[in-house]
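Here the structure comes first, spelled out in C-alpha cells, and everything after it is commentary.
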Amino acid sequence: MTTLSAPRAVLANVRTTIPVPPVSLGQSLFRPCVHQQLQSRPAPAHLHRAQHRQRATIVTRAAGGSGLAIDLTGKKAFIAGVADDQGFGWAIAKALAEAGAEISLGVWVPALKIFEGSYTKGKFDKSRQLSNGGLLEFTHIFPMDAVYDTPEGVPEDVKSNKRYAAAGDKGFTVSEVARNVESEVGKIDLLVHSLANGPEVTKPLLETSRHGYLAALSASAYSNVSMLQHFGPLMNENGASISLTYLASERIIPGYGGGMSSAKAALESDTRVLAYEAGRKHKIRVNAISAGPLGSRAAKAIGFIDKMIAYSYANAPIQKELAASEVGNAAAFLLSPLASAITGTVIHVDNGLHAMGLAPDSATLQTSE
Ligand SMILES: NC(=O)c1ccc[n+]([C@@H]2O[C@H](COP(=O)([O-])OP(=O)(O)OC[C@H]3O[C@@H](n4cnc5c(N)ncnc54)[C@H](O)[C@@H]3O)[C@@H](O)[C@H]2O)c1
C-alpha cells in the first residue's frame, strides 16, 4: 500500500497487479456491445453545449472573510466506487480534494488493473487538475469488493480467480479493507459509497430472477450497511458518510430494472436507520444524494442514459445537463461541518427533476382537443 504523490509512484506501489482483459470491467454492467452502440450515437447538440457549462469550484478558504468556505483541511476521506474519471465517485474525490481533504480509494478488484493503467499513463491528468494548480492525489488505493464482508464469505471460485488472487494477501473484503485503512491511513472522517451493480438491470422487475434481485441488493444496498458497520468504528466523531441513490427508488422509471429500484429504495431507508444507529454509536452523520442522470460507465451499461439526460434537460425545472461536479460539490457540503445538523436525509441533486409531476415535453400535451 502506498502514498501517492505522482501517478507512477502511486500505482507502482499498489499492492495488486491484476491481469484483466480490456473489457472485463464488471461483465454484468459493462457490456461492450451496449457501450459501443451508445458511443456511436451522437448526443443532441444542446447537450454538447450544456455539458461543460456547470463547473462550480469550491472555495477552500474564504478570502478576507467574504464568503462561507467548505474547509476539509486535515480530514481523511475513504471513497469506494472510483474506477475512472467519469463517474460521481471521481467528482466527489475531486471536490473533497478541492476542499483540502486527503483521499484514499477502494477500487473494485476487476476494475483495478484498468484504473491503475489509465492513471499511470496519465489518462486522467486533465481531470486531476485542481483549481489551485495542483493535481488530485490519492494517498492510498485499496483493492475492494463490496459484496464480500469477510474472507470466510468469499466463494472458492472468486478466491482462485486470478484477478482476485492477485489482489494480495491483505484481502479485498469490506472488513479487511477497513482494517487495512485503519493501519495504513488511520482514523477517517469522511466515508463515501459511490457504487452499484445489478446483473439483471436491463430486465424488468417482473422478469428479474431471485438471484439477480438479491445480487442488486447485495452490491448496491447492503454494501453500504457493511461499510458503515466496518468503517464506523474507525471514524472520528463528527465524521459523515454519504451514498448515491436514484429517483427510481421513489418513482417508476421503466428500464431501471433487475431489482435496482428496490436496492435504491433499501439504500434510502437504510440511510435513515443508519443515521440513527451510527449517530448514536459513533456520532457520525449518514446521508444520501439522489443524483440526476449522468453518462458514467455504469449508467451507459444500462442502455438508455442518453435519453434520460435528454429527458431531464427537456423536463426539469432547470434546463441544463447535470455535471458530476455539481454532485461532488453537494457531497462536499454534506460531508462538511456546514451540514452538521443534516443527517438521515436524501438530497436530490438533479436540476429539480424529482419535483415534476408532469413532463412538459409530453407529446400528449401538444395535441389539440
Ligand atoms: N449515473 C447516473 O445516472 C446515476 C444517477 C443516480 C445515482 N447514481 C449512482 O451513483 C453511484 C456511482 O455510479 P456512477 O454512475 O458514477 O458510475 P461509475 O461507473 O463511475 O461508478 C460505479 C462504481 O461501482 C464500482 N463497483 C461495482 N461493483 C462493485 C463492488 N462489488 N465493489 C466495489 N465497487 C464496485 C465500479 O467499479 C464503479 O467504479 C452508484 O450508486 C449509482 O447507482 C448514478
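The values are calculated or read from the model by the stated rules, or taken from the named source; none is laboratory data. All figures in this text were calculated on a predicted structure; none of them were measured in a lab. Ideal geometry is used to build each Cβ from the backbone, glycine not excepted, and the neighbour counts take in all protein chains shown.
Taking the stated definitions as given, is Ala165 of a type in the set (A, V, I, L, M) and within 16 Å of the ligand (Cβ to nearest atom)? Answer is no for this residue.
For the stretch 312-333, the set of residues classified as within 12 Å of the ligand (Cβ to nearest atom) and farther than 16 Å from Lys94 by Cβ consists of Ser312, Glu321, listed by residue number.
Taking the criterion of being near the ligand (Cβ under 9 Å from one of its atoms) and either of a type outside the set (Gly, Ala, Ser) or part of a helix (DSSP H, G or I) (or both), would at least one residue in the stretch 273-292 satisfy it? Walk me through it before giving the result.
Filtering the stretch 273-292 down to residues near the ligand (Cβ under 9 Å from one of its atoms) leaves 289-292.
Now drop any that are not either of a type outside the set (Gly, Ala, Ser) or part of a helix (DSSP H, G or I) (or both), which leaves 289.
Within the stretch 273-292, one or more residues are near the ligand (Cβ under 9 Å from one of its atoms) and either of a type outside the set (Gly, Ala, Ser) or part of a helix (DSSP H, G or I) (or both).
Within the span defined as the stretch 142-161, every residue fails to be of a type in the set (Phe, Trp, Tyr), over 30 Å from Ser262 (Cβ atoms) and in contact (Cβ under 8 Å) with a residue 24 or more places away in the chain. For the stretch 86-97, the criterion of being in a loop (DSSP other than H, G, I, E, B), modelled with pLDDT under 95, surrounded by fewer than 23 Cβ atoms within 10 Å (Cβ to Cβ) and at negative phi is met by none of the residues.
Determine whether the stretch 238-249 contains at least one residue that is in the same structural domain as Ala332 (by TED's automatic domain parsing), more than 12 Å from the ligand (Cβ to nearest atom) and either among the acidic types (Asp, Glu) or more than 28 Å from Arg179 (Cβ to Cβ) (or both).
No; the residues of the stretch 238-249 include none that is in the same structural domain as Ala332 (by TED's automatic domain parsing), more than 12 Å from the ligand (Cβ to nearest atom) and either among the acidic types (Asp, Glu) or more than 28 Å from Arg179 (Cβ to Cβ) (or both).
Comparison of Gly134, Gly74 shows that the only residue that is over 18 Å from the mean Cα position of the chain (by Cα), more than 13 Å from the ligand (Cβ to nearest atom) and at positive phi is Gly74.
Could you pull out the residue among Arg280, Arg285, Arg297 that is closer than 29 Å to Glu102 by Cβ and modelled with pLDDT under 95? It is Arg297. Can we say Ala97 is more than 20 Å from Tyr222 (Cα to Cα), more than 11 Å from the ligand (Cβ to nearest atom) and either outside the structural domain of Met144 (by TED's automatic domain parsing) or within 14 Å of the chain's Cα centre (by Cα) (or both)? Taking the combined requirement at face value, the residue does not satisfy it. The residues listed here are Ser209, Ser249, Ser194; of these, the one that is closer than 23 Å to Ala266 by Cα and buried (at least 24 other Cβ atoms within 10 Å of the Cβ) is Ser194. Just one of (1) outside any helix (DSSP H, G or I); (2) surrounded by 18 or more Cβ atoms within 10 Å (Cβ to Cβ) fails for Ala301. It is (1). Restricting attention to the stretch 203-236, the residues being out of contact with any helix residue (DSSP H, G or I) (no Cβ under 9 Å at 6 or more places or on another chain), of a type outside the set (A, V, I, L, M) and part of a helix (DSSP H, G or I) number 4. For the stretch 315-332, the candidate set comprises residues that are of a type outside the set (A, V, I, L, M) and either part of a loop (DSSP other than H, G, I, E, B) or surrounded by 19 or more Cβ atoms within 10 Å (Cβ to Cβ) (or both); within that set, the residue that is nearest to the chain's Cα centre (by Cα) is Gly328.
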